[in-house]
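A short worksheet on the structure shown next.
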Amino acid sequence: MSDEVHKGLDDVVVAESQLSYIDGENGQLLYRGYSIQDLAEYATFEEVLFLLFEGELPTKEQLDEFTATIREERSLPDDVIETLRSLAAVDAHPMTALRTGVSALEPHDPDQRLDPDRNVALSQGRRILAKMPTILAAYERLRLGKEPLDPHPDLNLAANFLYMLTGEEPDEIGAKSFDQALTLHADHGFNASTFTAVVIASTRANVYSAVTGGIGALSGPLHGGANQDVMEMLIEIDENGMDPIEWIEEARSNGERVPGFGHRVYKVKDPRAEILQERSRELADVGESKWYDYTTTIENYLTEDLGLTENGIAPNVDFYSGSVYYQLGIPADMYTPIFAMSRASGWIAHVLEYQEENRLIRPLSKYTGETDNEFISIEER
Ligand code: CMC
């Protein structure tokens with residue numbers, strides 16, 4: 001057996017999957033064979049959820065039934081709201097509130113046992129996905145000293161989230177942009193959080209544990225946390241009246257990475273960033289243009305003037321999502337939880353797929369420590 005260490009598991013293939021295909025050299029992303037561009041343009045997030053879980057796009061009747069099931073599951077138990085209230089009182093990050101909120105849902109699930117079969121895992125997954133937007137919107141309102149709003153019976157998942165968050169029904173461009181953003185973040189191969197969820201589920205733990213673990217993995221700045229960092233960079237530039245290039249130069253001279261740039265798999269511009277850039281531009285056309293202007297100035301400087309793309313460092317999905325969300329009135333620390341609320345669909349779909357032919361994931365580490373230490377009693381140490 002080879003004891004070669006694959007740090008970061010770079011280029012190591014650990015499973016087969018039919019969920020998402022990524023061509024990092026050509027900037028292509030497919031979900032179950034459909035291009036991300038077509039899905040973002042023509043399908044709703046609910047259709048994408050159905051596609052990921054069931055393997056095919058739904059008929060109208062299937063979509064209506066699936067959507068109705070999700071809508072029935074959106075409300076939160078009172079004690080989960082009280083848990084969120086106590087987290088708001090100590091100003092916890094919304095990602096903490098989401099992770100804790102999902103965990104707190106488990107005792108309310110009628111199928112809360114370990115080792116769930118596919119139907120139980122699917123029902124648990126649907127319940128979690130239905131309730132995650134409600135957790136986040138409720139948390140945002142609670143920390144503003146307002147009471148959570150009940151889900152709107154007539155709105156889809158994306159529009160209902162914006163409604164529960166702001167108290168206002170979004171306009172068409174806002175609802176469509178947000179729905180597209182959810183679609184674009186839904187799945188992305190065996191990224192760190194998906195792998196985490198699958199590792200957890202490979203022990204036959206249930207979907208609540210898998211999703212809770214996925215949220216933890218996504219929270220880091222090298223993964224989902226970058227979208228908040230991008231927006232905070234733009235806000236800092238704006239508040240200090242800085243030239244965006246000056247900010248970048250300062251960060252680079254301190255050896256910092258530019259958030260929203262670079263990707264382990266993409267060596268060209270992330271196709272999701274292309275679509276979100278377009279949404280950011282459209283929102284800028286009807287609102288404030290400065291956020292879009294800062295991002296394009298930074299992108300042009302890094303790619304054209306400094307030639308970073310030649311070294312495979314290009315804008316990733318997080319680079320333009322922040323300015324889209326900000327223009328929809330969403331505060332920066334909600335962006336990573338929003339990523340989680342979408343990516344949970346990918347986590348759950350991968351869990352369902354992996355558990356069909358489950359094998360406990362149990363890699364090895366190469367021991368590099370001592371082997372012949374003599375035990376010394378505590379009195380003599
Ligand atoms: N800004 C400046 N230089 C960078 C950046 C960046 N954002 N990203 C990578 N590099 C450089 C890095 O310094 C290194 O240079 P050198 O070889 O001279 O030391 C080289 O590129 C390779 O870096 P790496 O860390 O080996 O590359 P990786 O494939 O492990 O990095 C990454 C992927 C996402 C961790 C990294 O690009 C990064 O830290 N980006 C900033 C954070 C970010 O935007 N994360 C979101 C990723 S996309 C959404 C998601 O999947 O969650």
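The values are calculated or read from the model by the stated rules, or taken from the named source; none is laboratory data. Just so we're clear, the structure is a prediction, and the values are computed from it rather than from any experiment. Quick reminder, even Gly has a Cβ in these numbers, built from the backbone with ideal geometry, and neighbours come from all protein chains shown.
When G174, G189 are screened for being farther than 26 Å from E65 by Cβ and at pLDDT below 95, only G174 passes.
Determine which single condition L352 fails, assuming it passes every other condition in (1) under 30 Å from Y294 (Cα atoms); (2) under 19 Å from the mean Cα position of the chain (by Cα). L352 satisfies every listed condition except (1). Here R118 passes the criteria (1) of a type in the set (K, R); (2) crowded, with 19+ Cβ neighbours inside 10 Å; (3) at pLDDT below 95 except the one numbered (2).
Being farther than 30 Å from E46 by Cβ and over 14 Å from the mean Cα position of the chain (by Cα) narrows it down to one residue among P221, P259; which is it? Reasoning before the result, please.
On the way: P221 fails: over 14 Å from the mean Cα position of the chain (by Cα).
Going through P221, P259 in turn, just one is farther than 30 Å from E46 by Cβ and over 14 Å from the mean Cα position of the chain (by Cα): P259.
Would you be able to say whether some residue in the range 276-287 is surrounded by 19 or more Cβ atoms within 10 Å (Cβ to Cβ), within 9 Å of the ligand (Cβ to nearest atom) and either among the polar types (S, T, N, Q) or in contact (Cβ under 8 Å) with a residue 12 or more places away in the chain (or both)? No.
Return the residue satisfying two criteria in turn: it lies in the range 1-22 and is of a type in the set (D, E, K, R) and either touching a strand residue (DSSP E or B) at 6+ places or on another chain (Cβ under 8 Å) or within 16 Å of the ligand (Cβ to nearest atom) (or both), and of such residues it is farthest from R272 (Cα to Cα).
The initial filter retains those residues of the range 1-22 that are of a type in the set (D, E, K, R), namely 3-4, 7, 10-11, 16.
Within this subset, residues satisfying the condition of being either touching a strand residue (DSSP E or B) at 6+ places or on another chain (Cβ under 8 Å) or within 16 Å of the ligand (Cβ to nearest atom) (or both) are 7, 10-11.
On the way: K7: 27, D10: 22, D11: 22 Å.
Among residues in the range 1-22 that are of a type in the set (D, E, K, R) and either touching a strand residue (DSSP E or B) at 6+ places or on another chain (Cβ under 8 Å) or within 16 Å of the ligand (Cβ to nearest atom) (or both), the one farthest from R272 (Cα to Cα) is K7.
Check the range 202-214 and report whether any residue there is surrounded by 23 or more Cβ atoms within 10 Å (Cβ to Cβ) and either within 27 Å of G329 (Cβ to Cβ) or within 13 Å of the ligand (Cβ to nearest atom) (or both). Scanning the range 202-214 turns up at least one residue that is surrounded by 23 or more Cβ atoms within 10 Å (Cβ to Cβ) and either within 27 Å of G329 (Cβ to Cβ) or within 13 Å of the ligand (Cβ to nearest atom) (or both).
So is N160 surrounded by fewer than 20 Cβ atoms within 10 Å (Cβ to Cβ) and either closer than 14 Å to V102 by Cβ or at pLDDT 95 or above (or both) or not? Spelling it out, it is not the case that N160 is surrounded by fewer than 20 Cβ atoms within 10 Å (Cβ to Cβ) and either closer than 14 Å to V102 by Cβ or at pLDDT 95 or above (or both). Filtering K7, K60 for residues that are outside the structural domain of L352 (by TED's automatic domain parsing) and either charged (D, E, K, R) or in contact (Cβ under 8 Å) with a residue 60 or more places away in the chain (or both) leaves a single hit, K7.
So, in the range 225-266, how many residues would count as being more than 16 Å from Y335 (Cα to Cα), outside any helix (DSSP H, G or I) and near the ligand (Cβ under 9 Å from one of its atoms)? Reasoning before the result, please.
Of the range 225-266, the ones more than 16 Å from Y335 (Cα to Cα) are 236-258, 261-266.
Of the ones still in play, those that are also outside any helix (DSSP H, G or I) are 240-243, 254-258, 261-266.
Among the residues that remain, those that are also near the ligand (Cβ under 9 Å from one of its atoms) are: 255-258, 261-266.
Adding up the residues that qualify gives 10.
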